[in-house]
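Computed from the coordinates by the stated procedures, all read-outs in this text should not be read as laboratory data. As the structure is a computational prediction, the values presented were derived from the model and not from experiment. Using ideal geometry, Cβ is built from the backbone for each residue, glycine included, and neighbour counts are taken over all protein chains shown.
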Amino acid sequence: MNISFIKNPAGCKCGREHFVNIKNLITGKNAINNLPDELKKLNCKKVFLFADINTYPIAGEKITKLLSSNNILCSEFVFKEQHLEPDEKAVGAAVMHYDTSCDGVVALGSGVINDIAKILSATARVPYIIVATAPSMDGYASATSSMALGGVKVTLPSKCADVIIGDTDILKTAPTDMLKAGLGDMLAKYISICEWRISNLINEEYYCEDVADLVRTALSKCVENSDGLLNRNDEAIEAVFYGLVIGGIAMTYAGASRPASGVEHYFSHIWDMRSLEFNTPSSLHGLQCAAATYIAAKLYDKIRHTKPDKEKALAFVKNFNFDLWANKLRAFLGDSAEPLIELEAKEQKYNAKKHAARLDKIIESYDKIIEIIDEEIPSVDVLTKLYDSINLPKTPDEFSIDSSLLPMTFKATKDIRDKYVLSRLAWDLGIIDEII
Ligand SMILES: [Zn+2]
Ligand SMILES: [Zn+2]
């Protein structure tokens, strides 16, 4: 199968051409049996098999048997760490153990293993196949790696997998929290698509309805099947895995993270940054996204019931002091606040003139903004039922992050990247201090 989810890849109605470098995505029962054929198609004769002590026992032996019965040679490296960090040490170990006579990388794992394997295969310039062990995050199809560099969380360019294999018999062995995290990362798409459309409306940011729709369809499938997730039902697990891969492909199609990541991902980023900086607790990416999605949905509900007040918004911005705010960011995030503070010099999002222009646009299109929220984000009641049915976290307290940090976390989300998200809308409206 060649990946061509967008019906007309040679010229979408958004005016762009959408490409992705993934050659194949194979999901379902016994999907792993396709590994030798996929390697042959990529002309791989000797592969570097890469796993950690948690993932190797799941299917390491199965893979080596499949390879040897198909006359494909194999060199192995298994990380011994129980909790592997995506840092210089791990990448260094992978490179030092890499067998340069290999002409392909096969990784068995999920988040960190995949992030490191993407860097390794990009560096070695060889094809890469991921055999996924958990439907827990949306990085399978992205061409970047989430790493910790010098103790700071960074996103490095790497490469996307050439082939992604999601065998449901392997995926269903994932711990319950990872399954829940995968669904949480999918639910985040309610917020990200909503914010993409709002930014398109206010800032005329590029938007593609076909890409958004690809994600919406995958998300509905996950929600329809969600009651089977904790019972490790095949359809439920496949829907989440497929949805996460689609999320990654959609980001590649859009050339931006918009289709899969919004303010809820920034909550998660901030908790990760604080964890790296101050050793505070953090949880799985998807569980953090799940709680932040629920919080964002509640905040969007408040936006629904807010009447924009131009005088109030202008007065709020007049009183805003960036230097004071920068110091609060430093106290909250330590050294990792500096890139956020530097971003403002380039971006000038707090500039009063720019704000006034945005505010006019917001007030003029407020009915449309509410319409977008209504169309994209389910009601808090609907989400509450869904979250309770599979025991998803609704507050960060549930994974030991103090909920009293929420106001500051929310306010800091507007500084993370040059991206118009809920916290920026709330700042523009002059209600960011009172909304959370
Ligand atoms: Zn398009
Ligand atoms: Zn994510």
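Only helical runs count toward this figure. For the chain, summing -39,500 (n - 2.57) over DSSP H runs of n ≥ 4 and dividing by all residues gives -17000 deg cm²/dmol at 222 nm. Calculated FRET efficiency, residue 43 to residue 400, Cβ-Cβ distance, R0 = 41 Å: about 0.30 to the nearest 0.05.
Over all projection directions, the Cα-based convex hull of region 24-171 averages an area of 7.7 nm².
Extension gain, residue 354 to residue 279: 0.36 nm times the residue separation minus the Cα-Cα distance gives 23.2 nm.
Put +1 on the Cβ of each Lys and Arg and -1 on the Cβ of each Asp and Glu in the chain; which of 104, 341, 363 then has its Cα farthest toward the positive end of the dipole? Farthest along the dipole direction, towards plus: 104.
Other residues with beta-carbon under 14 Å from the beta-carbon of residue 135 carry, at +1 per Lys or Arg and -1 per Asp or Glu, a net charge of -4. A simple charge model with +1 on the Cβ of Lys and Arg, -1 on the Cβ of Asp and Glu and nothing else charged puts the dipole of region 24-171 at about 320 debye relative to its Cα centre. The trypsin sites (Lys or Arg not before Pro) of region 101-162 that meet both conditions, a loop assignment by DSSP and at most 14 other Cβ atoms within 10 Å of the site Cβ, are 125. 3J(HN,Hα) along region 225-234, derived from phi through the Karplus expression 6.51 cos²θ - 1.76 cosθ + 1.60 where θ = phi - 60°, amounts to 9, 4, 5, x, 5, 6, 8, 6, 5, 4 Hz, with x in place of Gly and Pro. Between residue 75 and 47, 48, 49, the built amide H atoms are under 5 Å apart, and every one of these is 5 or more places off in sequence or on another chain. Given H placed on each backbone N at 1.01 Å, which residues far from residue 284 in sequence or on other chains put an amide H within less than 5 Å of it? Amide H neighbours of residue 284: none. One decimal place: the segment residue 64-residue 391 gains 114.0 nm when fully extended, by the rule 0.36 nm per residue minus the C-alpha distance. In this simple spin-label approximation, residue 346 and residue 156 carry label points 7 Å from Cα along the Cα→Cβ vector, and these lie 2.0 nm apart. Couplings 3J(HN,Hα) of region 413-428, computed from phi: 4, 6, 9, 5, 9, 7, 8, 7, 10, 3, 5, 6, 4, 5, 5, 4 Hz, in residue order, whole Hz [Karplus 6.51 cos²θ - 1.76 cosθ + 1.60, θ = phi - 60°; x for Gly and Pro]. Projecting the Cα positions of 287, 28, 160 onto the charge dipole of the chain (unit charges on Cβ atoms of Lys, Arg, Asp and Glu, taken about the Cα centre) puts 160 furthest along the positive direction. Between amide H atoms placed 1.01 Å from N, distances below 5 Å from residue 145 occur with 156, 158, all of them 5 or more places distant or on a separate chain. Rounded to the nearest 20, the Cβ-based charge dipole of the chain about its Cα centre (Lys and Arg +1, Asp and Glu -1) stands at 680 debye.
3J(HN,Hα) along region 59-68: 8, x, 5, 4, 5, 5, 5, 4, 5, 5 Hz, from the Karplus curve 6.51 cos²θ - 1.76 cosθ + 1.60 with θ = phi - 60°, whole Hz, x for Gly and Pro. The gain in end-to-end length when the residue 302 to residue 73 segment is fully stretched comes to 76.6 nm, 0.36 nm per residue minus the alpha carbon separation. Principal-axis analysis of the Cα atoms of the chain puts helix 322-333 at an angle of about 40° to the longest axis.
For every other residue with a beta carbon closer than 11 angstrom to the beta carbon of residue 280, add +1 if it is Lys or Arg and -1 if Asp or Glu, then tell me the sum.
-2
Between the C-alpha center of region 206-266 and that of region 337-378 there is a gap of 25 Å. Legend: residue pairs 13/353; 89/414; 153/411; 172/221; 328/419, Cα-Cα distance threshold 24 Å; pairs beyond threshold, 13/353; 89/414. At q = 0.18, 0.21 Å⁻¹, what base-10 log of I(q)/I(0) does the Debye formula yield for region 385-436 when every alpha carbon is treated as an equal point scatterer in vacuo? These q points yield log10 I(q)/I(0) values of -0.71, -0.84.
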